[in-house]
Amino acid sequence: MTILPIHERLAELWTIRGGRHLTGEEQADFEHCLAVNAMHIRQLANLHNLSLAASMVGDVEWQHEICRRLEKLSGLPPGSPQL
């Protein structure tokens, strides 16, 4: 999986948090990063589940479409035009 800018910012804020309390703005950023990461992972998990379903019913065309959507989603945060 590609490291997104949101992951880099999340890691930066996590590191800062280890040395001091986050400012209000940093805390808001931290919570935003967590929310965006959760949406991204849910989208990936959903597509992986659909791919498994396509495989189980033997629908190769559907599975290939899902794989294309997974490839487009890699490296893009939720809300980006990808699907």
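Summary of values
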item	result
Whichever residue in segment 55-70 is of a type in the set (A, V, I, L, M) and within 22 Å of the chain's Cα centre (by Cα) and, among such residues, is farthest from Ile41 (Cα to Cα)	Ile66
Segment 5-21, residues that are assigned to a helix (DSSP H, G or I) and among the basic types (Lys, Arg)	Arg9, Arg17
Any chance Leu47 is closer than 22 Å to Ile66 by Cβ, aliphatic (A, V, I, L, M), assigned to a helix (DSSP H, G or I) and within 13 Å of the chain's Cα centre (by Cα)	yes
Residue in segment 35-43 that is over 17 Å from Ser74 (Cα atoms), of a type in the set (A, V, I, L, M, F, W, C), at pLDDT 95 or above and surrounded by 13 or more Cβ atoms within 10 Å (Cβ to Cβ) present	no
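The values are calculated or read from the model by the stated rules, or taken from the named source; none is laboratory data. Quantities reported herein were computed from a predicted structural model and do not represent experimental measurements. Neighbour counts run over all protein chains shown; Cβ positions are idealised from the backbone, glycine included.
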